[in-house]
1. Taking the condition of being open to solvent by less than 30 Å² (accessible area, probe 1.4 Å) and touching a residue at least 40 places away in the same chain (Cβ under 8 Å), how many residues in the stretch 442-456 meet it?
2. Out of the residues in the stretch 356-366 that are among the aliphatic types (A, V, I, L, M) and under 22 Å from the mean Cα position of the chain (by Cα), state the one that is farthest from V326 (Cα to Cα).
3. Quick check on the stretch 269-285. Is at least one of its residues part of a loop (DSSP other than H, G, I, E, B), within 26 Å of V332 (Cβ to Cβ) and open to solvent by 50 Å² or more (accessible area, probe 1.4 Å)?
4. Inside the stretch 201-213, can you point out the residues that are surrounded by 24 or more Cβ atoms within 10 Å (Cβ to Cβ) and of a type in the set (S, T, N, Q)?
5. Among the listed residues T176, T216, which satisfies the condition of being surrounded by fewer than 18 Cβ atoms within 10 Å (Cβ to Cβ) and part of a loop (DSSP other than H, G, I, E, B)?
6. Please specify each residue of the stretch 132-151 satisfying the condition of being out of contact with any helix residue (DSSP H, G or I) (no Cβ under 6 Å at 6 or more places or on another chain), part of a strand (DSSP E or B) and touching a residue at least 40 places away in the same chain (Cβ under 8 Å).
7. Return the only residue of S345, S368 being over 19 Å from Q100 (Cβ atoms) and of a type outside the set (A, V, I, L, M).
Amino acid sequence: MTGDADVLLTNYDTNQINRLWRNNGNGTFTDISVGSGFDYKDQSTGAAWADYDNDGDLDCSITTYGFSHRDRLMRNDGNGVFVDVAIALGVHDPTGWGYQPGWFDYDNDGDVDLYYANDNFFGGTGNKLYRNNGNGSFTDVSVASGANLAMSAMGLAFGDYDHDLDLDIYISNIMTGNRLLRNNADGTFTEVAAASGVAVNQICWSVDFVDMDHDTWEDIFAAAFGNTMQDPDGTPDFVFENMHDGTFMDVSAASNADNGGVTYASAWGDYDTDGDLDLVITNYWDADPSDLPNALYRNEAISPGNPSDSWLQVELIGTVSNRDAVGARVTVEIPGATLIREQQSGTGYLSSSQHALHFGLGSATEVSTLTVRWPAGGVQTLTNVAGGQKITIVEGGSADVAPVAAAQQLFVSPNPFRGSTEIRLASALAGGAQIRICDASGRAVRSLEAGQSTTWDGRADGGAQAPAGIYYIRLESNGRLIETRKVTLVN
């Protein structure tokens, strides 16, 4: 709840427990696995976080692979202690051979529902969908919804690929083909992968919905493994462009992201802060030392040095809801389209993309209305939000608008630091530039006049030593936020 990201490592080795590391906020972690509830030994695979009971903290679903290996739902009871309630709530699925869980609000009722991607290759159950009843219980709607696909499911992606304001599901599979479940908005799904051109018919693992080209329509990435589990040939990864009519075009080769390695995991994030989402993948085949290495692909939807207003990124911070705002729904309205994104933590396959929600705006340069539906039930609305920027919205508060600069202005070194750190500007700013230093909750700690080089001595206004932790250094000019950098103070 402090804003620091903790680490959960699931363990497939039945001789080893899962590991949970608490972030101390000073660049170090503490292993709190023993006694946390995660310290069981089983064939754990994927994990996904969400606040299913809306008590303000994040719970965790973990899938388990193999005969008589059941799934877990770890309810967060606070203070680093979790209790497995999967059996009590009927979401343990002991014969599912689960690979990846995922949380999403498929029925648009404001709470997160749970989906399991199960490998049916060995005769286990098909995929499972559990509807959240909003009172801490679940109902198995797998069959009634049509989401109970019998397949060798590995990875999951949730997105509104058809612009009808509900979340659809893309699921990786073996050679019999990936599946695309179109949400019918009545509690049911229709499988349309082949008709939409995204069946692939190769072994695939991680999958993602992402608007790669900022045309407002979510495209698809599929990490390909090969033709057989015994001897994968490193089939190139697949990139599908959304054609706006329910179908997709294979643009893998043209995208240059058709990596030919044995790819398992994928994640998207704006690593170079230019406004488009970049891609990182992991390759691994232990039987072939010549397999390609991991790869990072820079998205050139926005060319370097040529800033664009065709996008918006939204960072959410919960106060009443869970701090990471997992389960929050953001809706943006632009001329001719209404778009939704949902805050998630853990999909794809053993992966998770950047926290800030990303919207391509097409030809629009402004969002007329932006609405946040928070997990706790509150709603916030912003109007006339300019594109080409990243904004932070605090639950119950105001939006903090932070445009991404055409070129990085703010540099901080050393980081992490003890004693003092230097804050440098790439160039002088017109007008009265200031440095404002805030803690992880957003509270202002120190204000400094911004020069080409400014030193922060780790102290708050008034001279008191600031406690160790994460801080945000904000460069402001004439009341406008120019750029933010995160820094860690170690005492």
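1. Here the count works out to 0.
2. Restricting to residues being among the aliphatic types (A, V, I, L, M) and under 22 Å from the mean Cα position of the chain (by Cα), the top hit is L361.
3. Checked against the condition, which is being part of a loop (DSSP other than H, G, I, E, B), within 26 Å of V332 (Cβ to Cβ) and open to solvent by 50 Å² or more (accessible area, probe 1.4 Å), the stretch 269-285 yields at least one hit.
4. The one that is surrounded by 24 or more Cβ atoms within 10 Å (Cβ to Cβ) and of a type in the set (S, T, N, Q): S206.
5. T176
6. N132, D140
7. S368
A quick yes/no check of all residues on (1) modelled with pLDDT of 95 or more; (2) charged (D, E, K, R):
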{"site": "T95", "(1), (2)": "no, no"}
{"site": "N135", "(1), (2)": "no, no"}
{"site": "N148", "(1), (2)": "yes, no"}
{"site": "M151", "(1), (2)": "yes, no"}
{"site": "D160", "(1), (2)": "yes, yes"}
{"site": "N173", "(1), (2)": "yes, no"}
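The values are calculated or read from the model by the stated rules, or taken from the named source; none is laboratory data. A quick note: this is a predicted structure, and the numbers were derived from the prediction, not measured. In this analysis, Cβ positions are derived from the backbone assuming ideal geometry, glycine residues included, and neighbour counts consider all displayed protein chains. Remember, those area values only see protein heavy atoms, side chains included, never the ligands or the DNA or RNA. Shrake-Rupley method; radii C 1.70, N 1.55, O 1.52, S 1.80 Å.
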